[in-house]
Amino acid sequence: MPVAAVLGWPLAHTLSPRLHQAAYRAANLRGWRYLARPTPPEGLAAALQEVRAGALVGVNLTTPHKQAAVALLDTLEPPADALGAVNTVWRAEGPTGLVGANTDVPGALWALRRQLGLAGDGWDGGGPALLIGTGGVALAVALAWARLAEARRVSGLETCPLTVAGRSAERAARVAAHAGPGAMTIGWPETAGAVAAAAVMVQATTLTARGAPIPGQDRLRPGVRVLDLNYGPSSQGLVGAARRAAAAAAADGLGMLCAQAAEAVTRMTGVPADLAFTAMAAAVGLKAPVSR
């Protein structure tokens, strides 16, 4: 019986089992199971060894494992190799061994395009644009922003540079290095002012997951476009504040979760990502836009 799992610490209210089981049902993969496996940092190597041994067909990784897992793998797919962060691991035959992928990048790109409406001329490319956070998912958002900017450039559309806010200047600089031309960083004390000025904002810290506000969220400007990569009832404070501020778009991380999970299912099972995404979106009640 094939078994896959999500590994994280802590791992209290993950939707990943519901999402993946929905994709398995849609693809008629009988007997497949997907588990939530709370895994502290010291247990990550042993859990990945289960994938290597075939006890698990693959795993998804969430906080705090996305960067720590890199040193334990044999092969990294682009762009995981450039980012040094993975969220999907499976075993390939032959010398390839344990393979790591970063499906957060296409997931973030889907959310930027579809949920924030940044893909076409419905957005004039004006900023400022702000990314709050310096972890593995922030790295993925930065690269997704660079890809968005390049696609818009090819289409003759403008895109503003991205500013990265974080508590660590070194980590913020590392994220900004992936965000395309003109990307810059600011320190944490400057975050509140940047939030109040932002025209586009992506929140990629754990603050709102704990029900805490981000600095400056009570001063959001009308027309702002806000994506909070946390999801669930306790993490709606920023999205609610954006809607009260007459945001042009405001979404939590449920859409990105579905989009990246669909890509992960494809890596582990071969199920087409479009089929997986449709099933996953239905399973968690993700509202339009739901097409990939």
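A search for C-beta distances below 9 Å between a residue of segment 130-142 that is touching a residue at least 40 places away in the same chain (Cβ under 8 Å) and any residue that is among the basic types (Lys, Arg) and in a loop (DSSP other than H, G, I, E, B), counting only pairs 6+ apart in sequence or on different chains, returns Thr134/Arg167; Gly135/Lys66; Gly136/Lys66; Val137/Lys66; Leu139/Lys66; Ala140/Lys66. Of everything listed in (1) farther than 28 Å from Val51 by Cα; (2) surrounded by fewer than 20 Cβ atoms within 10 Å (Cβ to Cβ), the single unmet condition for Thr96 is (1). Counting only helices (runs of 4 or more DSSP H) wholly contained in segment 1-119, the ones carrying 3 or more residues that are at pLDDT 95 or above occupy 16-26, 44-53, 104-110. Filtered by the rule that a residue be in contact with a helix residue (DSSP H, G or I) (Cβ under 7 Å, 6 or more places away or on another chain) and crowded, with 18+ Cβ neighbours inside 10 Å, segment 8-35 gives Leu15, Ser16, Leu19, His20, Ala22, Ala23, Ala26, Trp32, Tyr34. Against the test of being more than 18 Å from Met256 (Cα to Cα), surrounded by fewer than 21 Cβ atoms within 10 Å (Cβ to Cβ) and over 16 Å from the mean Cα position of the chain (by Cα), the options Gly166, Gly125 yield a single qualifying residue, Gly125. Kindly indicate the residue of segment 260-282 that is within 22 Å of Leu56 (Cα to Cα) and small (Gly, Ala, Ser) and also surrounded by the fewest Cβ atoms within 10 Å (Cβ to Cβ) among those meeting that condition. Checking each candidate, the answer is Gly270. The residue of segment 242-262 that is farthest from the chain's Cα centre (by Cα), among those that are part of a helix (DSSP H, G or I) and within 14 Å of Val202 (Cα to Cα), is Ala242.
Inspection of segment 52-61 finds a residue satisfying the criterion of being touching a Leu at 6+ places or on another chain (Cβ under 9 Å) and under 30 Å from Met201 (Cβ atoms). Scanning segment 50-70 for residues that are under 21 Å from the mean Cα position of the chain (by Cα) and free of Cβ contacts under 8 Å to residues at least 40 places away in the same chain returns Ala68, Ala69, Val70. List every residue pair whose Cβ atoms sit under 8 Å apart, with the two residues 6 or more apart in sequence or on different chains, where the first one lies in segment 82-102 and is under 16 Å from Val141 (Cα atoms) and the second, anywhere, is polar (S, T, N, Q) and in a helix (DSSP H, G or I). Listed by first residue and then by second, the contacts come to Asn87/Gln260.
The values are calculated or read from the model by the stated rules, or taken from the named source; none is laboratory data. Treat the numbers as computed from the prediction; the structure is a model and nothing was measured. No Cβ is skipped: glycine too gets one built from the backbone with ideal geometry, and neighbour counts run over all protein chains shown.
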